[in-house]
Amino acid sequence: MLEKIKEILKAEGLESAGMLPISECEIINPRLLPDFAKSAVMFTIPYRTFDTPASDGFSEYARMYDYHKFARGLYERIVPAVESATVAKVRGFCDHSPINEKLAAAKCGLGVIGRNSLFIDKRYGSFVFLGSMITDAECEERAKPVEYCVNCGRCAEKCPGKAIGENGIAPAKCLSSISQSKHRTEEERLLLRENGVIWGCDICQLVCPYNDTAERSKIAYFKETRRERIDKEFIESLSKEEFEKYAFSYRGRKLVLENIENASGKTLD
Ligand code: B12
(Lines give C-alpha, C1' and ligand atoms only; values in the text may rest on other atoms or scores of the structure.)
Protein backbone atom coordinates (compact mmCIF):
# COMPACT_ATOMS: atom_id res chain seq x y z
CA MET A 1 0.00 0.00 0.00
CA LEU A 2 2.66 2.50 1.06
CA GLU A 3 4.80 1.56 -1.93
CA LYS A 4 1.94 2.37 -4.33
CA ILE A 5 1.35 5.73 -2.65
CA LYS A 6 5.07 6.49 -2.78
CA GLU A 7 5.06 5.90 -6.53
CA ILE A 8 2.13 8.32 -6.98
CA LEU A 9 3.85 10.97 -4.85
CA LYS A 10 7.16 10.45 -6.63
CA ALA A 11 5.52 11.26 -9.95
CA GLU A 12 4.69 14.64 -8.38
CA GLY A 13 8.31 15.17 -7.31
CA LEU A 14 7.59 14.32 -3.66
CA GLU A 15 10.18 11.82 -2.59
CA SER A 16 9.72 11.27 1.09
CA ALA A 17 6.65 9.52 2.56
CA GLY A 18 5.70 7.18 5.38
CA MET A 19 2.64 5.74 7.06
CA LEU A 20 1.47 5.14 10.61
CA PRO A 21 -1.65 3.94 12.44
CA ILE A 22 -4.01 6.77 13.42
CA SER A 23 -3.76 5.56 17.05
CA GLU A 24 -0.12 6.75 16.97
CA CYS A 25 -1.08 10.29 15.87
CA GLU A 26 -1.69 13.16 18.25
CA ILE A 27 -5.19 14.42 17.41
CA ILE A 28 -5.16 18.21 17.71
CA ASN A 29 -8.37 18.98 15.83
CA PRO A 30 -10.88 16.13 16.37
CA ARG A 31 -13.61 17.87 14.35
CA LEU A 32 -11.51 17.44 11.21
CA LEU A 33 -10.86 13.73 11.74
CA PRO A 34 -12.76 11.61 9.18
CA ASP A 35 -14.86 8.90 10.86
CA PHE A 36 -13.15 6.26 8.69
CA ALA A 37 -9.65 7.17 9.95
CA LYS A 38 -7.40 4.15 10.51
CA SER A 39 -4.05 5.39 9.23
CA ALA A 40 -2.14 8.48 8.16
CA VAL A 41 0.25 8.85 5.24
CA MET A 42 2.76 11.64 5.83
CA PHE A 43 4.91 13.26 3.18
CA THR A 44 7.20 16.26 2.90
CA ILE A 45 6.89 19.15 0.44
CA PRO A 46 10.29 20.89 0.11
CA TYR A 47 10.08 24.63 -0.49
CA ARG A 48 13.59 25.98 -0.02
CA THR A 49 14.70 27.43 -3.33
CA PHE A 50 17.02 30.22 -2.13
CA ASP A 51 20.76 30.26 -1.43
CA THR A 52 20.86 33.65 0.26
CA PRO A 53 17.83 34.45 2.40
CA ALA A 54 15.87 37.58 1.50
CA SER A 55 15.97 40.46 3.95
CA ASP A 56 12.72 42.35 3.36
CA GLY A 57 10.89 40.94 6.41
CA PHE A 58 8.79 38.32 4.61
CA SER A 59 9.52 34.75 5.60
CA GLU A 60 10.25 32.20 2.93
CA TYR A 61 6.83 30.52 2.95
CA ALA A 62 5.17 33.90 2.39
CA ARG A 63 7.19 34.95 -0.65
CA MET A 64 5.86 32.24 -2.94
CA TYR A 65 2.32 31.25 -3.82
CA ASP A 66 0.35 29.76 -0.94
CA TYR A 67 1.26 26.19 -0.07
CA HIS A 68 -2.31 25.44 0.96
CA LYS A 69 -3.30 26.01 -2.66
CA PHE A 70 -0.44 23.81 -3.85
CA ALA A 71 -1.73 21.05 -1.55
CA ARG A 72 -5.31 21.48 -2.76
CA GLY A 73 -4.24 21.09 -6.41
CA LEU A 74 -2.04 18.14 -5.51
CA TYR A 75 -4.86 16.33 -3.69
CA GLU A 76 -7.24 16.90 -6.59
CA ARG A 77 -4.77 14.98 -8.73
CA ILE A 78 -3.55 12.30 -6.38
CA VAL A 79 -6.44 11.38 -4.05
CA PRO A 80 -8.42 9.65 -6.84
CA ALA A 81 -5.20 7.92 -7.97
CA VAL A 82 -4.41 6.74 -4.44
CA GLU A 83 -8.00 5.57 -3.90
CA SER A 84 -8.12 3.55 -7.09
CA ALA A 85 -4.64 2.08 -6.55
CA THR A 86 -5.38 1.03 -2.97
CA VAL A 87 -9.18 0.67 -2.68
CA ALA A 88 -9.01 2.90 0.39
CA LYS A 89 -10.90 6.02 1.42
CA VAL A 90 -8.52 8.96 1.50
CA ARG A 91 -8.74 12.59 2.61
CA GLY A 92 -5.85 14.99 2.17
CA PHE A 93 -4.78 17.72 4.59
CA CYS A 94 -2.03 20.27 4.93
CA ASP A 95 -1.70 22.54 7.96
CA HIS A 96 -5.42 22.66 8.73
CA SER A 97 -5.24 19.03 9.71
CA PRO A 98 -6.72 16.85 12.48
CA ILE A 99 -3.25 15.67 13.51
CA ASN A 100 0.01 17.10 14.77
CA GLU A 101 1.79 16.80 11.45
CA LYS A 102 5.35 17.31 12.73
CA LEU A 103 5.07 14.51 15.26
CA ALA A 104 3.45 12.18 12.72
CA ALA A 105 6.21 12.80 10.14
CA ALA A 106 8.84 12.07 12.80
CA LYS A 107 7.06 8.85 13.79
CA CYS A 108 7.21 7.78 10.14
CA GLY A 109 11.00 8.07 10.41
CA LEU A 110 11.23 10.81 7.75
CA GLY A 111 13.45 13.05 9.89
CA VAL A 112 13.87 14.54 13.35
CA ILE A 113 12.11 17.11 15.55
CA GLY A 114 14.17 20.24 16.12
CA ARG A 115 14.43 22.21 19.34
CA ASN A 116 12.53 24.94 17.44
CA SER A 117 9.69 22.37 17.37
CA LEU A 118 9.87 22.04 13.59
CA PHE A 119 10.20 18.83 11.67
CA ILE A 120 13.60 18.50 9.95
CA ASP A 121 13.62 16.37 6.81
CA LYS A 122 16.68 14.18 6.28
CA ARG A 123 17.46 15.71 2.86
CA TYR A 124 15.66 19.04 2.72
CA GLY A 125 16.04 20.31 6.29
CA SER A 126 13.19 22.16 7.99
CA PHE A 127 12.08 24.18 4.95
CA VAL A 128 9.48 21.56 4.13
CA PHE A 129 5.72 21.68 4.45
CA LEU A 130 3.97 18.56 5.64
CA GLY A 131 1.12 16.88 3.87
CA SER A 132 -1.07 14.28 5.52
CA MET A 133 -3.54 11.84 4.01
CA ILE A 134 -5.93 10.13 6.39
CA THR A 135 -7.09 6.77 5.08
CA ASP A 136 -9.31 3.85 6.10
CA ALA A 137 -6.60 1.31 5.27
CA GLU A 138 -5.15 -0.84 8.01
CA CYS A 139 -1.55 0.22 8.50
CA GLU A 140 1.13 -2.37 7.93
CA GLU A 141 3.87 -0.04 9.16
CA ARG A 142 4.90 0.44 12.77
CA ALA A 143 5.47 3.92 14.23
CA LYS A 144 9.18 4.66 14.74
CA PRO A 145 10.60 6.16 17.94
CA VAL A 146 10.73 9.97 17.62
CA GLU A 147 14.24 11.30 17.07
CA TYR A 148 15.33 14.80 18.05
CA CYS A 149 17.97 17.23 16.79
CA VAL A 150 21.40 17.55 18.44
CA ASN A 151 20.09 20.41 20.60
CA CYS A 152 22.86 22.89 19.75
CA GLY A 153 20.61 25.62 21.13
CA ARG A 154 21.23 28.17 18.33
CA CYS A 155 17.51 28.54 17.56
CA ALA A 156 16.65 29.19 21.21
CA GLU A 157 19.49 31.68 21.54
CA LYS A 158 18.59 33.64 18.38
CA CYS A 159 14.80 33.61 18.73
CA PRO A 160 13.91 37.31 19.17
CA GLY A 161 10.79 36.55 21.24
CA LYS A 162 12.60 34.04 23.47
CA ALA A 163 9.83 31.67 22.45
CA ILE A 164 11.90 28.50 22.38
CA GLY A 165 12.18 26.69 25.67
CA GLU A 166 13.17 23.18 26.71
CA ASN A 167 9.76 21.83 25.69
CA GLY A 168 9.22 23.43 22.33
CA ILE A 169 7.93 26.83 21.37
CA ALA A 170 5.55 29.08 23.25
CA PRO A 171 3.31 30.14 20.35
CA ALA A 172 2.29 33.44 21.97
CA LYS A 173 5.93 34.63 21.97
CA CYS A 174 6.75 33.46 18.44
CA LEU A 175 7.17 36.40 16.05
CA SER A 176 5.52 34.38 13.29
CA SER A 177 2.38 34.20 15.39
CA ILE A 178 2.59 37.85 16.45
CA SER A 179 3.03 39.01 12.84
CA GLN A 180 -0.19 37.25 11.87
CA SER A 181 -2.24 38.57 14.76
CA LYS A 182 -4.57 41.54 14.40
CA HIS A 183 -4.32 42.35 18.09
CA ARG A 184 -0.89 42.97 19.55
CA THR A 185 0.62 45.13 22.22
CA GLU A 186 2.97 48.04 21.56
CA GLU A 187 5.76 45.88 22.99
CA GLU A 188 5.02 43.17 20.42
CA ARG A 189 4.97 45.73 17.60
CA LEU A 190 8.34 46.96 18.77
CA LEU A 191 9.68 43.42 18.73
CA LEU A 192 8.51 42.99 15.13
CA ARG A 193 10.02 46.36 14.19
CA GLU A 194 13.37 45.76 15.88
CA ASN A 195 13.74 42.47 14.06
CA GLY A 196 12.40 43.70 10.74
CA VAL A 197 9.68 41.05 10.78
CA ILE A 198 6.70 41.66 8.49
CA TRP A 199 5.15 38.27 7.82
CA GLY A 200 6.14 34.94 9.36
CA CYS A 201 9.56 34.39 10.85
CA ASP A 202 12.39 32.09 9.74
CA ILE A 203 15.08 33.07 12.23
CA CYS A 204 15.01 29.74 14.09
CA GLN A 205 15.32 27.91 10.77
CA LEU A 206 18.03 30.07 9.23
CA VAL A 207 20.40 29.52 12.16
CA CYS A 208 19.74 25.78 12.29
CA PRO A 209 22.81 23.76 11.23
CA TYR A 210 20.59 21.07 9.70
CA ASN A 211 19.67 23.62 7.02
CA ASP A 212 23.31 24.34 6.09
CA THR A 213 23.53 21.36 3.79
CA ALA A 214 19.85 21.03 2.90
CA GLU A 215 18.97 20.28 -0.71
CA ARG A 216 16.97 22.80 -2.72
CA SER A 217 13.36 22.20 -3.71
CA LYS A 218 12.74 21.08 -7.26
CA ILE A 219 9.04 21.89 -7.16
CA ALA A 220 8.17 24.30 -9.97
CA TYR A 221 5.21 25.84 -8.08
CA PHE A 222 7.60 27.23 -5.44
CA LYS A 223 10.59 27.89 -7.68
CA GLU A 224 8.60 29.84 -10.23
CA THR A 225 6.47 31.91 -7.87
CA ARG A 226 9.10 32.95 -5.33
CA ARG A 227 9.55 36.73 -5.21
CA GLU A 228 12.97 38.02 -4.28
CA ARG A 229 11.64 41.35 -2.98
CA ILE A 230 8.28 42.25 -1.48
CA ASP A 231 7.50 45.84 -0.49
CA LYS A 232 4.62 48.26 -0.03
CA GLU A 233 4.43 49.10 -3.73
CA PHE A 234 4.27 45.45 -4.68
CA ILE A 235 1.51 44.66 -2.17
CA GLU A 236 -0.49 47.70 -3.28
CA SER A 237 -0.08 46.84 -6.95
CA LEU A 238 -1.59 43.36 -6.62
CA SER A 239 -5.12 42.79 -7.89
CA LYS A 240 -7.45 41.09 -5.39
CA GLU A 241 -7.03 37.84 -7.30
CA GLU A 242 -3.20 38.04 -7.32
CA PHE A 243 -3.09 39.07 -3.65
CA GLU A 244 -5.12 36.01 -2.72
CA LYS A 245 -2.50 33.72 -4.22
CA TYR A 246 -0.23 34.46 -1.24
CA ALA A 247 -0.57 32.88 2.19
CA PHE A 248 -0.50 36.27 3.92
CA SER A 249 -3.79 37.23 2.25
CA TYR A 250 -5.88 35.36 4.81
CA ARG A 251 -5.70 38.26 7.27
CA GLY A 252 -6.36 40.92 4.63
CA ARG A 253 -4.19 43.48 2.86
CA LYS A 254 -4.57 46.06 5.63
CA LEU A 255 -2.62 44.00 8.15
CA VAL A 256 0.21 43.27 5.69
CA LEU A 257 0.53 46.99 4.90
CA GLU A 258 0.35 47.86 8.60
CA ASN A 259 3.19 45.41 9.26
CA ILE A 260 5.28 46.94 6.46
CA GLU A 261 4.69 50.38 7.92
CA ASN A 262 5.54 49.14 11.40
CA ALA A 263 8.82 47.56 10.24
CA SER A 264 9.81 50.75 8.44
CA GLY A 265 10.01 52.38 11.85
CA LYS A 266 7.00 54.65 11.59
CA THR A 267 4.88 54.93 14.69
CA LEU A 268 1.35 53.67 14.30
CA ASP A 269 -1.77 55.09 15.90
C1 B12 B 1 -0.62 26.38 15.05
C2 B12 B 1 0.58 26.32 14.14
C3 B12 B 1 1.49 27.37 14.21
C4 B12 B 1 1.45 28.44 15.30
C5 B12 B 1 1.88 27.83 16.63
C6 B12 B 1 3.04 26.85 16.51
C7 B12 B 1 3.07 25.83 17.61
N8 B12 B 1 4.19 25.18 17.78
O9 B12 B 1 2.10 25.58 18.30
C10 B12 B 1 2.42 29.54 14.77
C11 B12 B 1 1.63 30.65 14.11
C12 B12 B 1 3.35 30.14 15.80
C13 B12 B 1 3.19 28.76 13.71
C14 B12 B 1 4.38 29.20 13.20
C15 B12 B 1 5.10 28.54 12.21
N16 B12 B 1 4.65 27.50 11.49
CO17 B12 B 1 3.06 26.47 11.93
N18 B12 B 1 1.66 25.26 12.31
C19 B12 B 1 0.76 25.26 13.23
C20 B12 B 1 -0.12 23.98 13.09
C21 B12 B 1 -1.41 24.35 12.37
C22 B12 B 1 -0.45 23.29 14.38
C23 B12 B 1 0.76 23.15 15.35
C24 B12 B 1 0.30 22.54 16.63
O25 B12 B 1 -0.58 23.07 17.28
N26 B12 B 1 0.87 21.39 16.99
C27 B12 B 1 0.45 20.66 18.13
C28 B12 B 1 1.22 21.12 19.35
C29 B12 B 1 0.58 20.39 20.54
O30 B12 B 1 2.56 20.66 19.21
P31 B12 B 1 3.81 21.63 19.00
O32 B12 B 1 3.54 22.42 17.75
O33 B12 B 1 5.06 20.86 18.99
O34 B12 B 1 3.67 22.54 20.26
C35 B12 B 1 4.34 22.31 21.50
C36 B12 B 1 4.82 23.64 22.04
O37 B12 B 1 3.96 24.68 21.56
C38 B12 B 1 4.74 23.39 23.54
N39 B12 B 1 4.23 24.57 24.27
C40 B12 B 1 2.96 24.99 24.39
N41 B12 B 1 2.91 26.06 25.19
C42 B12 B 1 4.17 26.31 25.60
C43 B12 B 1 4.67 27.27 26.46
C44 B12 B 1 6.07 27.30 26.70
C45 B12 B 1 6.61 28.33 27.64
C46 B12 B 1 6.94 26.34 26.07
C47 B12 B 1 8.41 26.38 26.29
C48 B12 B 1 6.39 25.37 25.23
C49 B12 B 1 5.02 25.36 25.01
O50 B12 B 1 3.86 22.31 23.80
C51 B12 B 1 3.38 21.80 22.58
C52 B12 B 1 3.32 20.29 22.70
O53 B12 B 1 4.59 19.70 22.87
C54 B12 B 1 0.82 23.07 12.21
C55 B12 B 1 0.10 22.09 11.27
C56 B12 B 1 -0.33 20.82 11.99
N57 B12 B 1 -1.56 20.42 11.80
O58 B12 B 1 0.43 20.20 12.71
C59 B12 B 1 1.64 24.12 11.43
C60 B12 B 1 3.08 23.81 11.08
C61 B12 B 1 3.74 23.24 12.30
N62 B12 B 1 3.64 25.11 10.81
C63 B12 B 1 4.52 25.13 9.88
C64 B12 B 1 5.33 26.25 9.51
C65 B12 B 1 6.03 26.20 8.16
C66 B12 B 1 5.46 27.33 10.38
C67 B12 B 1 6.48 28.48 10.29
C68 B12 B 1 7.88 28.04 9.85
C69 B12 B 1 5.95 29.59 9.35
C70 B12 B 1 6.83 30.84 9.37
N71 B12 B 1 7.87 30.90 8.57
O72 B12 B 1 6.54 31.77 10.07
C73 B12 B 1 6.45 28.98 11.77
C74 B12 B 1 7.53 28.28 12.62
C75 B12 B 1 7.48 28.66 14.07
C76 B12 B 1 8.02 27.52 14.95
N77 B12 B 1 9.31 27.59 15.28
O78 B12 B 1 7.29 26.61 15.26
C79 B12 B 1 4.70 23.76 9.25
C80 B12 B 1 6.00 23.19 9.80
C81 B12 B 1 6.73 22.25 8.84
C82 B12 B 1 7.93 21.65 9.55
N83 B12 B 1 9.01 21.51 8.80
O84 B12 B 1 7.88 21.35 10.71
C85 B12 B 1 3.39 23.01 9.75
C86 B12 B 1 3.56 21.52 10.03
C87 B12 B 1 2.33 23.23 8.64
C88 B12 B 1 2.54 22.32 7.44
N89 B12 B 1 1.59 21.45 7.14
O90 B12 B 1 3.56 22.36 6.77
N91 B12 B 1 2.56 27.60 13.37
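The values are calculated or read from the model by the stated rules, or taken from the named source; none is laboratory data. Quick caveat, the model's predicted, so the values are computed rather than measured. Note that we place each Cβ from the backbone using ideal geometry, even for glycine, and neighbour counts take in every protein chain shown. Side chains are part of the model used for accessible areas, which takes the heavy atoms of the whole protein and leaves out ligands, DNA and RNA. Shrake-Rupley method; radii C 1.70, N 1.55, O 1.52, S 1.80 Å.
A few comments on the model shown:
- Restricting the stretch 104-204 to GluC sites (Glu not before Pro) in coil, as DSSP defines it, with at most 14 other Cβ within 10 Å: Glu138, Glu140, Glu147, Glu166
- Here, the stretch 35-125 yields an orientationally averaged convex hull projection of 7.4 nm² when only Cα atoms define the hull.
- Test item: Cα-centred dipole of the chain, Lys/Arg +1 and Asp/Glu -1 on Cβ, debye: 60 debye
- Taking a straight line from the alpha carbon of Lys162, these lysines sit under 24 Å away, with near neighbours fewer than eight places off in the same chain left out: Lys102, Lys173, Lys182.
- Protein accessible area in the stretch 12-51, 1.4 Å probe - carbon and sulfur %: 44 percent
- The label point for Lys10 and the one for Lys38, both projected 7 Å from the Cα toward the Cβ, are 2.5 nm apart.
- The chain - percent relative contact order, Cα under 8 Å, separation 6 or more: 25 percent
- The chain - convex hull of the alpha-carbon atoms, volume per residue in Å³: 130 Å³
- Projected label points at Lys162 and Glu187, each 7 Å from Cα along the beta carbon direction, are separated by 1.0 nanometres.
- Computed [θ] at 222 nm, deg cm²/dmol, the chain (DSSP H ≥ 4; -39,500 (n - 2.57); rounded to nearest 500): -8500 deg cm²/dmol
- Counting only the Cα atoms, the stretch 161-239 fills a convex hull of 149 Å³ per residue.
- Residue with peak Gaussian network fluctuation, the chain [Cα springs, cutoff 10 Å], from Thr135, Thr86, Thr213: Thr213
- Residue with peak Gaussian network fluctuation, the chain [Cα springs, cutoff 10 Å], from Pro46, Pro145, Pro34: Pro145
- According to the calculation over all Cα-Cα pairs in the stretch 1-153, the P(r) per 10 Å bin from zero is 11, 41, 36, 11, 2 %.
- Flagged links, alpha-carbon separation over 19 Å, of Lys10/Lys122; Lys122/Lys218; Lys69/Lys218; Lys107/Lys158: Lys107/Lys158
- Portion, in percent, of the accessible area of the stretch 112-204 that falls on carbon or sulfur, probe 1.4 Å: 51 percent
- Accessible area expressed per residue, the chain, with surrounding protein chains retained (probe 1.4 Å, Å²): 50 Å²
- Label-point gap, in nm, between Lys240 and Glu194 - each point 7 angstrom along Cα→Cβ: 4.0 nm
- Net charge dipole, the stretch 127-188: roughly 360 debye, given to the nearest 20, about the Cα centre with Cβ charges of +1 for Lys and Arg and -1 for Asp and Glu.
- Free-standing Cys residues across the chain, given no other cysteine C-beta under 4.7 angstrom: Cys25, Cys94, Cys108, Cys139, Cys149, Cys152, Cys159, Cys174, Cys201, Cys208
- Candidates Pro160, Pro98, Pro53: whichever shows maximal mean-square fluctuation once the chain is modelled as a Gaussian network with Cα springs under 10 Å: Pro53
- Sorted from greatest to least, the principal axis extents spanned by the alpha carbons of the stretch 1-64 come out as 44, 30, 16 Å.
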